1. Which numbered condition in (1) touching a Leu at 6+ places or on another chain (Cβ under 9 Å); (2) touching a residue at least 24 places away in the same chain (Cβ under 8 Å) is the only one that Gly88 fails?
2. Which members of segment 8-29 meet the condition of being within 16 Å of the chain's Cα centre (by Cα) and among the charged types (D, E, K, R)?
3. Going by the conditions given, is Val113 within 13 Å of the chain's Cα centre (by Cα), β-branched (Val, Ile, Thr), surrounded by 15 or more Cβ atoms within 10 Å (Cβ to Cβ) and closer than 22 Å to Ala38 by Cα?
4. Among residues belonging to segment 121-157 that are polar (S, T, N, Q) and free of Cβ contacts under 8 Å to residues at least 24 places away in the same chain, point out the one that is nearest to Val98 (Cα to Cα).
5. Of these, Glu107, Glu122, Glu141, which one is farther than 26 Å from Gly80 by Cα, surrounded by fewer than 16 Cβ atoms within 10 Å (Cβ to Cβ) and out of contact with any His (no Cβ under 7 Å at 6 or more places or on another chain)?
6. Suppose we keep only residues that are touching a strand residue (DSSP E or B) at 6+ places or on another chain (Cβ under 7 Å), assigned to a loop (DSSP other than H, G, I, E, B) and over 23 Å from Ser86 (Cα atoms) within segment 12-39. Which one would you say is modelled with the highest pLDDT?
7. Being farther than 14 Å from Ala78 by Cβ, of a type in the set (A, V, I, L, M, F, W, C) and not in a loop (DSSP other than H, G, I, E, B) is the filter here, so list the residues in segment 112-140 that pass it.
8. Can you find a residue that is among the aliphatic types (A, V, I, L, M), in a strand (DSSP E or B) and at pLDDT below 95 anywhere in segment 65-82?
Amino acid sequence: MSHPEPGTAVVRSLAEHSMVGAGPTSALRMVAPGSQTAGRFGLVEYRLAPRSPGAAPHVHQTFSESFYVLSGRLTVYADGAWRPCSAGDFALVHERGVHGFRNDGDEPADFLVLFAPGIAREQFFAEMAELRRSGRTLSPEEMTAFYARHDQVMVDV
């Protein structure tokens with residue numbers, strides 16, 4: 001993976017990072033992948049359909065994850081409880097913090113997800129989208145390995 005040279009600027013037009021389907025109920029846009037930010041952060045715009053499950057509770061060992069709600073209502077799992085978040089609300093989950101998200105509302109939820117540092121999280125989303133598109137179901141062992149490859153451990157709450 002190559003990174004921009006120090007002191008340079010990166011400008012990406014909307015056409016360079018279009019919204020892509022990530023399953024029947026979600027779509028995402030890789031606004032600023034880690035490869036564009038010299039690994040400092042990654043920024044994803046996420047759209048989740050009404051009454052959609054999103055991501056079940058999980059943890060990451062090596063990066064934090066933040067959520068900023070642009071529109072609609074997003075329910076975020078943090079500090080041991082599901083918490084409703086509306087446009088303008090922000091949630092930060094540090095490394096090893098249990099978190100998840102879903103849309104319990106009747107409107108789509110649009111939100112930004114910030115990863116720091118900017119690990120190659122776009123690979124996780126690309127692989128997950130391909131699995132959903134293909135209809136392929138991974139065995140429990142394959143799913144555990146998939147998550148491990150992307151620094152994600154699912155948690156029962």
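1. With respect to (1) touching a Leu at 6+ places or on another chain (Cβ under 9 Å); (2) touching a residue at least 24 places away in the same chain (Cβ under 8 Å), Gly88 is out only on (2).
2. Within segment 8-29, just Arg29 meets the criteria.
3. Values: within 13 Å of the chain's Cα centre (by Cα): yes; β-branched (Val, Ile, Thr): yes; surrounded by 15 or more Cβ atoms within 10 Å (Cβ to Cβ): yes; closer than 22 Å to Ala38 by Cα: yes.
So Val113 fits the description; yes.
4. Step by step, filter segment 121-157, then rank; the result is Thr144.
5. Answer to the selection: Glu141.
6. Step one: list which residues in segment 12-39 are touching a strand residue (DSSP E or B) at 6+ places or on another chain (Cβ under 7 Å), which gives 17-22, 25-34.
Okay, now just the ones that are also assigned to a loop (DSSP other than H, G, I, E, B), so 17-19, 22, 25, 33.
Pick out the ones that are also over 23 Å from Ser86 (Cα atoms) and you get 17-18, 33.
On the way: His17: 73, Ser18: 73, Pro33: 88.
Among those that are touching a strand residue (DSSP E or B) at 6+ places or on another chain (Cβ under 7 Å), assigned to a loop (DSSP other than H, G, I, E, B) and over 23 Å from Ser86 (Cα atoms), it is Pro33.
7. Leu112, Leu114, Phe115, Ala116, Phe124, Phe125, Ala126, Met128, Ala129, Leu131
8. Yes, because at least one residue in segment 65-82 is among the aliphatic types (A, V, I, L, M), in a strand (DSSP E or B) and at pLDDT below 95.
The values are calculated or read from the model by the stated rules, or taken from the named source; none is laboratory data. Predicted model only: the values in this text are computed from it and were never measured. No Cβ is skipped: glycine too gets one built from the backbone with ideal geometry, and neighbour counts run over all protein chains shown.
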